[in-house]
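Asks: Right, I'll just put the structure down here and ask away after.
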Amino acid sequence: DTDSIYIHAEPLLRHRYSDFDEMSEEDKDNNLETIAMDYEKIVTKSYDSLASDCFNAMGKHRLDMKTECVIRAAYFRATRRYAQWITKQEGIEKETLDIKGLEFMKANFPPILGEFFNDILEQVLKGEQKDNILDQVKVFKEKILDGTIPLSKLGNPTSVKKLDKYQGINTRAGKIFTEILKPISKKKEGKAQRQLGAPAAVKAAIRY
């Protein structure tokens, strides 16, 4: 199995390099990778004792530490929910925005909002000024409010199934809309029956 641990390395870099503030971002990346490789050797060496003392593995073992990547900036919100700007991976220079688990990536999130949030997040990680970010958010909000962005692009791309289950008597004199039913759920052992309200997307489809 492989598990990753990310360490904020600026204190180490400042301790080792007195000219840290004058370094280019590329030099910081390279020096950080050098430090990581040093720690990799130290930790891997300690696995000899771990293997023999804890796992009774005498002689050779397969435990090792491996430097994975250098991240110039990152945003960690919760377990498996993060974004990181990778600039070096396993010794190779890269420019990769790695995003995992954030809400705007989900299938039920409006694509136009997802694209906007992805672009804003990338700018934040790459050091864009706060005022510029806020201005972009305000402009995007105005486009939503004044109708420049059509409402059809802001809805959730949700499928609708089983209309008949919720659709009652059709439109008739004195009634503008088709009746929406609340069917009774199947009784489960030890539980009382209950009425099921129609999901929002189903109600919208029936009204339409």
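The values are calculated or read from the model by the stated rules, or taken from the named source; none is laboratory data. Just so it is clear, the model here is predicted, and its values are computed rather than measured. Cβ placement follows ideal geometry from the backbone for every residue including glycine, while neighbour counts extend to all protein chains displayed. In case anyone asks, the SASA skips ligands and DNA or RNA and just uses the protein heavy atoms, side chains included. Shrake-Rupley method; radii C 1.70, N 1.55, O 1.52, S 1.80 Å.
Asks: Within segment 144-154, does at least one residue satisfy the condition of being modelled with pLDDT under 80 and among the hydroxyl-bearing types (Ser, Thr, Tyr)?
Replies: So far as segment 144-154 goes, no, none of its residues is modelled with pLDDT under 80 and among the hydroxyl-bearing types (Ser, Thr, Tyr).
Asks: Is segment 48-69 home to any residue that is within 30 Å of Ile120 (Cα to Cα), of a type in the set (Ser, Thr, Tyr) and either at pLDDT 90 or above or within 31 Å of the chain's Cα centre (by Cα) (or both)?
Replies: Looking for residues that are within 30 Å of Ile120 (Cα to Cα), of a type in the set (Ser, Thr, Tyr) and either at pLDDT 90 or above or within 31 Å of the chain's Cα centre (by Cα) (or both), one finds at least one in segment 48-69, hence yes.
Asks: Of all residues in segment 1-56, which are hydrophobic (A, V, I, L, M, F, W, C) and open to solvent by 100 Å² or more (accessible area, probe 1.4 Å)? Let's see the steps before the verdict.
Replies: If we filter segment 1-56 for residues that are hydrophobic (A, V, I, L, M, F, W, C), which is where we start, we get 5, 7, 9, 12-13, 20, 23, 32, 35-37, 42-43, 50-51, 54-55.
Once the filter is applied, which keeps residues that are hydrophobic (A, V, I, L, M, F, W, C) and open to solvent by 100 Å² or more (accessible area, probe 1.4 Å), segment 1-56 yields Ile5, Ile7, Ile42, Phe55.
Asks: Is it true that some residue in segment 113-120 is surrounded by 14 or more Cβ atoms within 10 Å (Cβ to Cβ), within 11 Å of the chain's Cα centre (by Cα), among the aliphatic types (A, V, I, L, M) and within 30 Å of Thr158 (Cα to Cα)?
Replies: No: segment 113-120 contains no residue that is surrounded by 14 or more Cβ atoms within 10 Å (Cβ to Cβ), within 11 Å of the chain's Cα centre (by Cα), among the aliphatic types (A, V, I, L, M) and within 30 Å of Thr158 (Cα to Cα).
Per-residue answers, yes or no, for (1) closer than 27 Å to Leu97 by Cβ; (2) not charged (D, E, K, R):
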position	(1), (2)
Arg14	yes, no
Glu40	yes, no
Lys45	no, no
Met58	no, yes
Met65	yes, yes
Ala73	yes, yes
Phe76	yes, yes
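Asks: Something else now. With the structure loaded, tell me whether Val139 is modelled with pLDDT of 95 or more and either surrounded by 10 or more Cβ atoms within 10 Å (Cβ to Cβ) or in contact with a helix residue (DSSP H, G or I) (Cβ under 9 Å, 6 or more places away or on another chain) (or both) or whether it fails that test.
Replies: It is true that Val139 is modelled with pLDDT of 95 or more and either surrounded by 10 or more Cβ atoms within 10 Å (Cβ to Cβ) or in contact with a helix residue (DSSP H, G or I) (Cβ under 9 Å, 6 or more places away or on another chain) (or both).
Asks: Does Glu22 qualify as being without any contact (Cβ under 8 Å) to a residue 24 or more places away in the chain and either more than 25 Å from Asn118 (Cβ to Cβ) or in contact with a His (Cβ under 9 Å, 6 or more places away or on another chain) (or both)?
Replies: So Glu22 passes the test.
Asks: A follow-up question, please. When you check Ile35 against the structure, is it free of Cβ contacts under 8 Å to residues at least 40 places away in the same chain and touching a Leu at 6+ places or on another chain (Cβ under 9 Å), yes or no?
Replies: Yes: the conditions hold for Ile35.
Asks: Kindly list, by first and then second residue, each pair from a residue in segment 41-54 that is at negative phi and acidic (Asp, Glu) to a residue that is open to solvent by less than 60 Å² (accessible area, probe 1.4 Å) and modelled with pLDDT under 90, limited to pairs with Cβ atoms under 9 Å and residues at least 6 apart or on different chains.
Replies: Filtered contacts from segment 41-54: Asp48/His61.
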